[in-house]
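What follows is one structure encoded as structure tokens, with my remarks underneath.
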Amino acid sequence: MSILITKNVKVIVQGLTGKEGMFHTQQMINYGTNIVGGVTPGKGDSICLGIPIFNTVKEAIYKTGATVSVIFVPFNFASDAILESIYMNVKLIVCITEGIPISDMVKIKYFIKNMKKSNLIGPNCPGIISPEKSKVGIMPNSIFKKSGNVGIISRSGTLTYEAADQIIKMGYGISTAVGIGGDTIIGMSIIDILNLFFSDIQTKCIVIIGEIGGRLEIDAVEWIKKQNKKKPIIGFIAGQTAPKGKTMGHAGAIIGKKIETAQEKMKIMYENNIYVVNSIEYIGLTVHKILNNIE
């Protein structure tokens, strides 16, 4: 199994005809993703990379039957692109775009909650990948070669790739990796993805890569404590040397309170039976130790 996407899921690309859209669409096609359409207003009835282009998401959905959309639209139009997919009840929306205003994301979260038909990954994220099945986003094809039983949830794009590379070099594979994004307000949370991994029989071990700032990791630990189902979880928090009050790379990675520091988050994880690693370089080895005990 995999979570959220399958090998045959139909995907449309909003902003396919732009530079980033074209490049990453080709990479998704090379990976085996079933790209069935693109959306660029004013360029409908054209073809790009062998893919039909439509003027609206509505037209694309009606003519292709797609259930997933990935967005490469510039930030000043990205919120409208997300809303267009929400109104068409697209099941999974993956927004790669960064720089979407917080005020726009507040509205988007409201509409997702009330429409209750769509899940959003991102914005400002690398997307989702299930090796040997499908990729929706920008994760590198060269790393995610092997399917397996380790699930990854990450607020960081590049650290997702590093963790997956280590795991695969240790001889294991990835069930699904989800980059949820580093902005202050995002779609699916760590808890949302954990819930799916806990129900996925393929996933035997879960890696959480968090960051300073916010309560996502703390809320996840509190949620885990209440669950009857248990799976081993490895935790890492980036930004251990970050000074208070300084934004570190991501809009959401800023320490406002003591509980939002890397040290405090790691302490809470450790006290709740999560395998905490102090450095990203130990993730692969820790996965190896855990899965050896399971097997």
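Observations, loosely collected:
- Straight-distance crosslink candidates among lysines, where the alpha carbon sits under 21 Å from Lys63 and sequence neighbours closer than 8 are dropped: Lys7, Lys10, Lys43, Lys91, Lys117
- Over 25 Å (Cα to Cα) - which of Lys204/Lys225; Lys229/Lys289; Lys133/Lys289; Lys107/Lys226; Lys135/Lys226; Lys145/Lys267 fall in this group: Lys133/Lys289; Lys107/Lys226; Lys135/Lys226; Lys145/Lys267
- Here the Gaussian network model covers the chain, with springs between Cα atoms less than 10 Å apart; of Leu194, Leu49, Leu16, Leu49 fluctuates the most.
- Nearest-ten-degree value, helix 190-199 long axis tilted from longest Cα axis of the chain: 90 degrees
- Unit charges at the beta carbon, dipole of the chain: most positive-side option, Met105, Asn149, Thr56: Asn149
- Averaging the sequence gap over all C-alpha pairs within less than 8 Å and six or more residues apart, then dividing by the number of residues, gives the stretch 76-156 a relative contact order of 28 percent.
- DSSP finds beta bridges in the chain, and of those with both partners inside it, around 20 percent are antiparallel.
- Rg/Rh (Cα only; Kirkwood hydrodynamic radius) as it applies to the stretch 142-294: 0.94
- Taken about its Cα centre, the stretch 10-121 carries a charge dipole of roughly 400 debye when the Cβ of each Lys and Arg holds +1 and the Cβ of each Asp and Glu holds -1.
- Across Ile96, Ile212, Ile112, mean-square fluctuation computed from a Gaussian network of the chain (C-alpha pairs under 10 Å connected) peaks at Ile112.
- Phi angles across the stretch 174-187 convert, under the Karplus curve 6.51 cos²θ - 1.76 cosθ + 1.60 with θ = phi - 60°, into 3J(HN,Hα) values of 9, 6, 8, 10, 10, x, 7, x, x, 6, 5, 10, 10, x Hz, Gly and Pro given as x.
- Cα principal axis extents for the chain, largest first, Å: 56, 41, 33
- Inter-label distance, nm, simple model (7 Å from Cα along the C-beta direction), Thr184/Thr67: 3.5 nm
- For the stretch 154-231 versus the stretch 92-122, the inter-centroid distance based on Cα atoms is 19 Å.
- Taking the three principal axes of the alpha carbon atoms in the stretch 10-121, the coordinate ranges are 36, 28, 27 Å, sorted in descending order.
Rule-based calculations on the coordinates, nothing more; no lab input. None of the values given here were measured: they were computed from a predicted structure. Virtual Cβ from ideal backbone geometry, glycine too; neighbours counted across all protein chains shown.
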